[in-house]
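Right, one structure below, let's go through it.
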Amino acid sequence: MPEAQRIAVLDRDACIKEKCGYVCEKVCPVNKMGEEAISIDPQTNYPVILETACIGCGICVKRCPTKAISIINLSKDLGSPTYSYGVNAFRLYGFPLPVKGHVTSYVGRNGIGKTTAIRILAKQIIPNFGDYTRDWDWEEVLDKVPVNVAKYFKDVEGGKLSIKPQNIETLRAHNGTVLDLLNELSLDSSILEEWKLPIADRQIDQLSGGELQKLAIAIATAKEAELYFFDEPTNYLDIVERLKVAVYLGDFALDKSLIVVDHDLTILDYMADYVYVFFGQESVYGASSSVKSARVGINEYLEGYLKAENLRFREYAINFGTYSPTTKKPKPYISYGNLKKTFSSFEVEIEEGSIGEGEVVGVIGKNGLGKTLFMKMLAGVEKPDEGESLDVKIAYKKQYLEPSDVLVKDLFAKADDKAILDRAKQLLHLDGPILEKTLKQLSGGQLQRVAIAFTLSMNADIYLFDEPSAFLDVEERLAFSSLIREIAAERKSPILVVDHDIALIDRISDRLIIFEGESSVKGKATPPMAKKKGLNYFLKSLGITLRRDIDTKRPKINKPWSKRDKEQKEKGEYFADH
Ligand code: SF4
């Protein structure tokens, strides 16, 4: 058995001497024995944990009042890191090279080094193999890395990286129109045609999330680069747009090096040719597996076990199988009447319906058909022209979250149900330094998790969630779906969830409301219908067929020209639930 490795990381933003007087140094049993596992660096005034002296007991982790210390006892030697940011700082293992001419994907949690890997592959960061005390040059690196990695780096001139960032909201910081932005970037407005975006004269801060996402993809693909990185290109896009992105990036990759990170596994499975599984702990360390075929990589990721490496990186398997609703007719709990709203160029009609006690209803449909408007009308945020908003207590998580100067811990102090909040905090990893941050300081994924936990912690007669999966990684989506099912079983209050991630909707829903119509012109919503019937109805309207993966039971999209696709369409079985 290879020797276990130890990783000690200190979050310097969270380490505040005034709060504890360096309790870690005092409680460490190695220090008490007269050796030094923790000492205080006189220059920086921060604790330094010597990994070779530390015995991994975890006492300092438990006693640190701000949860600033992480100690990881690895079960398998990962070798030298590829890169370390410094003393007791994040480190990355592995060289997940792109497979030129194909869509290569990284699958794994957020915050475990995917962006660091990309910057190394684009030669923006020089690997230091864990020795951050000196400068390295590429000649030394080429001597040290395996032959295939050296060949890759020799072929890359470096620096020419095009990124579609995860957080597209940063684009809104540009004052002015889309055309102004394109001029600033020396790009031609014809790049908008491919994505059918007649938005050149629109103000950027007025664009919808879907328009902004497509603009960001168009900009990233228009740049000349040696390596293209698309970080979560499907957020805010509907399933048809997601498939279009998948096909487009597949064609775009034919003569390029391209890496995609996405957490919609149904789409990723459709889009990616090769997968690297990323594992590790957020802000502590990250490591990549060997390259695998997309199906094998995704299934091993869900299983938590890498077969070729003989490495278990998660104690449990992620089960993205379906939720099987009860066959009993739900007892109606909340009803809404016909609703109608008309604007100068758009109108939406909602057919009356009722939602049962403790029922979870998924709301699906293309973008621009009024799903968010439906939520707003139910919540009374938007007044319907015909019909009434619900006159009950509503907990509503909006689609776009508003960052503010409120501290996370102050927001959580307002929770109605502390037990549910604690459960949500535990499952969504919302303890520790994040509590001391303001909502403005959070990443998109952190803000989403905080909003979900807080919404669930409210006492309400109905819960409305608009696109909760945006910016969540696969494990967080799983945690969200488990929470939703648990709370639906515990409370009588029903839950409505608008989302585009078919695997998530399949996993949580009892029934479905389907939106149909012409995007940005006219939308119409059905009453809630049985899940299987609803999925079949929805997929048929899009001409897409789905089956289940035989091992993990996750939904898989059939290629449009495949035998399976043809057979299912002939049978009228657009969702083969077996
Ligand atoms: Fe000391 Fe234990 Fe912390 Fe290691 S884990 S630094 S041995 S207290």
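The values are calculated or read from the model by the stated rules, or taken from the named source; none is laboratory data. Treat the numbers as computed from the prediction; the structure is a model and nothing was measured. Note that we place each Cβ from the backbone using ideal geometry, even for glycine, and neighbour counts take in every protein chain shown.
Of all positions in region 456-479, at least one carries a residue that is touching a His at 6+ places or on another chain (Cβ under 6 Å), in a helix (DSSP H, G or I) and not aromatic (Phe, Trp, Tyr). Filtered by the rule that a residue be among the charged types (D, E, K, R) and crowded, with 18+ Cβ neighbours inside 10 Å, region 150-168 gives a lone residue, LYS164. Exactly one residue out of SER404, SER389 is surrounded by fewer than 13 Cβ atoms within 10 Å (Cβ to Cβ) and among the polar types (S, T, N, Q), and it is SER404.
Against the criterion of being closer than 28 Å to GLU476 by Cβ and of a type in the set (D, E, K, R), GLU241 qualifies. Please determine whether any residue of region 112-120 is surrounded by fewer than 18 Cβ atoms within 10 Å (Cβ to Cβ) and outside any helix (DSSP H, G or I). Checked region 112-120: no residue is surrounded by fewer than 18 Cβ atoms within 10 Å (Cβ to Cβ) and outside any helix (DSSP H, G or I).
Quick grid of which residues meet (1) hydroxyl-bearing (Ser, Thr, Tyr); (2) surrounded by fewer than 16 Cβ atoms within 10 Å (Cβ to Cβ); (3) closer than 25 Å to LEU161 by Cβ:
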| site | (1), (2), (3) |
| --- | --- |
| ALA272 | no, no, yes |
| GLU282 | no, no, yes |
| SER289 | yes, no, yes |
| LEU302 | no, no, no |
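Going through (1) within 19 Å of the chain's Cα centre (by Cα); (2) crowded, with 16+ Cβ neighbours inside 10 Å; (3) part of a loop (DSSP other than H, G, I, E, B) one by one, PRO330 falls short only on (1). Counting only helices (runs of 4 or more DSSP H) that sit wholly inside region 500-578, those with at least 2 residues that are of a type in the set (A, V, I, L, M, F, W, C) are 502-508, 531-542. For region 538-550, the criterion of being touching a residue at least 40 places away in the same chain (Cβ under 8 Å), in contact with a His (Cβ under 8 Å, 6 or more places away or on another chain), within 17 Å of GLY365 (Cβ to Cβ) and not polar (S, T, N, Q) is met by no residue.
Being at pLDDT below 95 and small (Gly, Ala, Ser) is a property that holds for ALA122. Within this structure, GLU300 fails the test of being within 19 Å of the chain's Cα centre (by Cα), closer than 17 Å to GLY108 by Cβ and modelled with pLDDT under 90.
Of the helices (runs of 4 or more DSSP H) lying entirely inside region 124-203, those containing at least 2 residues that are farther than 28 Å from THR234 by Cβ and in contact (Cβ under 8 Å) with a residue 24 or more places away in the chain are 147-155. List the strands (runs of 3 or more DSSP E) inside region 1-85, counting only whole elements, that have at least 2 residues being within 13 Å of the ligand (Cβ to nearest atom) and within 29 Å of SER288 (Cα to Cα). Fully inside region 1-85 and qualifying: 6-10, 47-49, 69-73.
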